[in-house]
Amino acid sequence: MGFEWYKEFVDKDYKPKKTDILVHFTYEKVDELTVEDAIGRIASESSIGTWTTLTLLSKRIRKMMAKVYSYDEKNAYIAYPLELWEKGSIPNLLSGIAGNIFGMKALKNLRLIDTHFPKEYVKEFKGPCYGIDVIKKIFKRDRGPVTATVPKPKIGFTSEEHAKIAFDLWEYGIDCVKDDENLASQAFNKFDRRVKLLAKMRDKAEKITGEVKEAFINVTAPNLYELERRIELIHDYGFKYFMIDIVISGFTALQTAAFLAHEYKMAIHGHRAMHAMFTRNHLHGMSMFFLAKLCRLIGIDQIHTGTVIGKLEGKIDEILAMRDLLLSKEFVSPNNQYFNQKWFDIKPILPVVSGGLHPGILPDVMKIYETDNLVLQVGGGVMGHPMGVKAGAKAVKDAIIAYHDGYTLEEYAKKSKELAEALKKWGYTKPV
Ligand code: CAP
Ligand code: MG
């Protein structure tokens with residue numbers, strides 16, 4: 001139509017500037033539009049444009065137009081001038097590249113696969129306080145994995161029951177006791193009481209074991225004031241970590257939490273509940289790979305990345321790419337599936353492997369990830385042990401020792417009745 005200018009946002013001759021933010025989308029257009037009509041709408045609506053030509057459009061503003069610089073019938077690569085964005089604000093970035101465009105009638109599907117952040121953008125972020133250094137700086141160990149358990153049933157224990165379970169887990173070898181994603185400050189387990197009692201049990205367990213014991217206590221809160229108060233309370237009781245539901249809390253809360261983590265010198269455990277609403281449909285939404293990239297940039301110290309063989313979905317090639325994205329100083333994409341990404345001063349962070357794990361499949365998961373720079377979270381696989389919680393904790397610890405020392409689980413089970421009983425109940429099943 002005469003009043004449309006979408007095609008002005010498409011320019012195969014445009015050479016992205018070093019300072020542009022690059023975004024890779026996959027898309028499925030409606031039949032009645034051409035490819036250029038469809039991808040021009042993505043670049044227009046996510047930068048300076050709208051559905052019609054405009055009477056006020058200065059040369060200066062024109063320079064902020066996003067440009068589709070490479071495309072085919074499924075992929076669109078778009079360059080965004082850096083001045084389009086408020087520096088240091090992920091909410092602002094997402095309001096453009098993850099905003100209105102996902103609702104456009106011109107598209108049947110749209111998926112944000114990855115971004116490339118230039119140095120000028122990356123340097124506005126501090127990244128995590130510790131990153132992978134949690135292993136040596138918090139747990140005083142030279143190798144991982146860090147182990148964690150969520151008391152299950154995931155919701156329902158009183159603060160007293162929760163703290164008692166935590167003590168048993170810590171005493172028998174688990175490093176961290178993790179709140180579940182939907183535990184906050186329910187009437188039966190109020191936040192402040194849980195923190196106080198966990199701190200008491202932690203001190204007792206550290207005294208008995210001589211090991212550092214930690215907790216991932218969930219600070220996800222109804223408002224930022226309460227979020228800050230919860231982080232401060234956890235800090236005041238001597239914990240070095242706190243946990244936050246990264247998607248449910250939203251990116252303003254996440255960047256607030258990251259700011260406070262630096263203030264209090266704390267590590268953040270990022271739980272990704274709700275991500276599957278927009279990551280798992282590979283035609284629409286955004287990739288978990290991109291969400292993981294945002295987490296490292298914002299300053300989360302460890303983020304759930306999936307198990308491949310556990311109860312929740314996640315493709316092995318994306319999971320291994322995320323492992324490399326999170327652990328590397330400079331990410332080089334396998335077969336150009338993603339952008340290469342330099343991290344400059346942003347520390348590497350730990351993948352968290354969780355969901356349907358039990359002692360029988362821990363070696364498999366450690367083989368898949370091929371690194372000890374991991375957090376292994378085993379909830380039901382400890383809390384369902386036939387000999388009880390303490391035995392469940394010890395079975396997890398023994399399975400990791402067996403793997404590290406080169407024994408099969410059957411061999412090691414000969415000297416660990418806890419591991420033997422776990423194998424008897426769950427064998428090597430991969431839960432769905
Ligand atoms: C695992 C878990 C975690 C999931 C999150 C759960 O419990 O506590 O929230 O692992 O999934 O509630 O399911 P189990 P992901 O160990 O008992 O399975 O790690 O994929 O984000
Ligand atoms: Mg959970």
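Cross-link check: pairs 196/425; 152/425; 29/329 evaluated at a Cα-Cα cut-off of 25 Å; pairs beyond the cut-off: 196/425; 29/329. Binning all Cα-Cα separations of the range 273-432 at 10 Å, short to long from zero, yields these whole-percent fractions: 11, 36, 30, 18, 5.
What the Cβ-Cβ distance of residue 188 and residue 137 gives, at R0 = 51 Å and to the nearest 0.05, is a FRET efficiency of 0.90.
Work out, step by step, the length gained on full extension between residue 282 and residue 370: first 0.36 nm times the residue separation, then minus their alpha carbon distance; give nm to one decimal. If you can, show how the numbers build up before the last one.
Numbers: separation 88, 0.36 × 88 = 31.68 nm, distance 2.59 nm.
Extending this stretch completely gives an extra 29.1 nm.
Rounded to the nearest Hz, the phi-derived 3J(HN,Hα) couplings of the range 154-162 under the Karplus curve 6.51 cos²θ - 1.76 cosθ + 1.60 (θ = phi - 60°) are 5, 9, x, 5, 6, 4, 5, 4, 4, where x marks glycine and proline.
Amide H contacts under 5 Å for residue 10: 68, restricted to partners 5 or more places along the chain or on a different chain, H placed in the peptide plane at 1.01 Å from N.
For residue 28 and residue 411, FRET efficiency with R0 = 56 Å and r from the beta-carbon atoms, rounded to 0.05? My answer for the efficiency is 0.60. Model label points for residue 155 and residue 64, set 7 angstrom from Cα along the Cα-to-Cβ axis, are 4.2 nm apart.
Take the residue pairs 87/154; 367/414; 17/347; 293/367; 137/164 and return only those whose Cα atoms are more than 30 Å apart.
Pairs exceeding 30 Å: 87/154.
Only helices enter this figure: runs of n ≥ 4 DSSP H residues, each worth -39500 (n - 2.57), summed and divided by the residues of the chain, yield -11000 deg cm²/dmol at 222 nm to the nearest 500.
Summed over the residues of the range 213-322 and divided among them, the accessible surface reaches 34 Å² per residue at a probe radius of 1.4 Å.
When both the range 142-188 and the range 288-305 are represented by their alpha-carbon centers, they are found 23 Å apart.
Relative to one another, the C-alpha centroids of the range 235-250 and the range 396-412 are positioned 32 Å apart. Taking other residues whose beta carbon is less than 12 angstrom from the beta carbon of residue 124, and scoring Lys, Arg as +1 and Asp, Glu as -1, yields +1.
Calculated FRET efficiency, residue 224 to residue 109, Cβ-Cβ distance, R0 = 41 Å: about 0.75 to the nearest 0.05.
From Cα pairs below 8 angstrom and at least 6 apart in sequence, can you work out the relative contact order of the range 225-313, rounded to a whole percent? Write out the running numbers ahead of the final one.
Details: 92 pairs, mean separation 24.3, N = 89.
That works out to 27 percent.
Quick one: compute the contact order of the chain, relative version, from alpha carbon pairs under 8 angstrom and 6+ residues apart, as a percent.
Working: 852 pairs, mean separation 67.2, N = 432.
Dividing the mean separation by the residue count of the chain yields 16 percent.
For the range 342-432, the per residue solvent-accessible surface stands at 41 Å², with DNA, RNA and ligands left out and a 1.4 Å probe. Within the shell defined by Cβ-Cβ distances under 15 Å, the residues around residue 416 carry a net charge of +2, with Lys and Arg each +1 and Asp and Glu each -1.
One chain, two ends: residue 36 and residue 50. Fully extended at 0.36 nm per residue, the span grows by 3.5 nm beyond their Cα-Cα distance.
Residues with beta-carbon under 12 Å from that of residue 93, excluding residue 93: net charge, scoring Lys, Arg +1 and Asp, Glu -1? Mind showing how you got there, number by number?
Details: positive: 87, 293; negative: 86, 124.
Neighbour charge sum, excluding residue 93 itself: 0.
For the chain, the longest principal axis of the C-alpha atoms and the axis of helix 389-405 are separated by about 70°. Working from label points 7 Å from Cα in the Cα-to-Cβ sense, the residue 263 to residue 82 distance is 2.9 nm.
Could you check how much of the accessible area of the chain is carbon and sulfur, as a whole percent, using a 1.4 Å probe? Write down the numbers at each step before the final one.
Details: 10060 of 18400 Å².
Roughly 55 percent, rounded to a whole number.
On a per residue basis, the range 51-109 carries 56 Å² of accessible surface, using protein heavy atoms and a 1.4 Å probe. The overall shape of the chain, judged from the alpha-carbon gyration tensor, is prolate: a/c is not under 1.5, and a/b is greater than b/c. Residue by residue, the range 344-353 carries 3J(HN,Hα) couplings of 6, 8, 7, 5, x, 10, 8, x, 10, 10 Hz when phi is fed to the Karplus relation 6.51 cos²θ - 1.76 cosθ + 1.60 (θ = phi - 60°); x denotes Gly or Pro.
The values are calculated or read from the model by the stated rules, or taken from the named source; none is laboratory data. Since the model is a prediction, treat every value here as computed from it, not as a measurement. Positions of Cβ are backbone-derived with ideal geometry, glycine not excepted, and every protein chain shown enters the neighbour counts. Side chains are part of the model used for accessible areas, which takes the heavy atoms of the whole protein and leaves out ligands, DNA and RNA. Shrake-Rupley method; radii C 1.70, N 1.55, O 1.52, S 1.80 Å.
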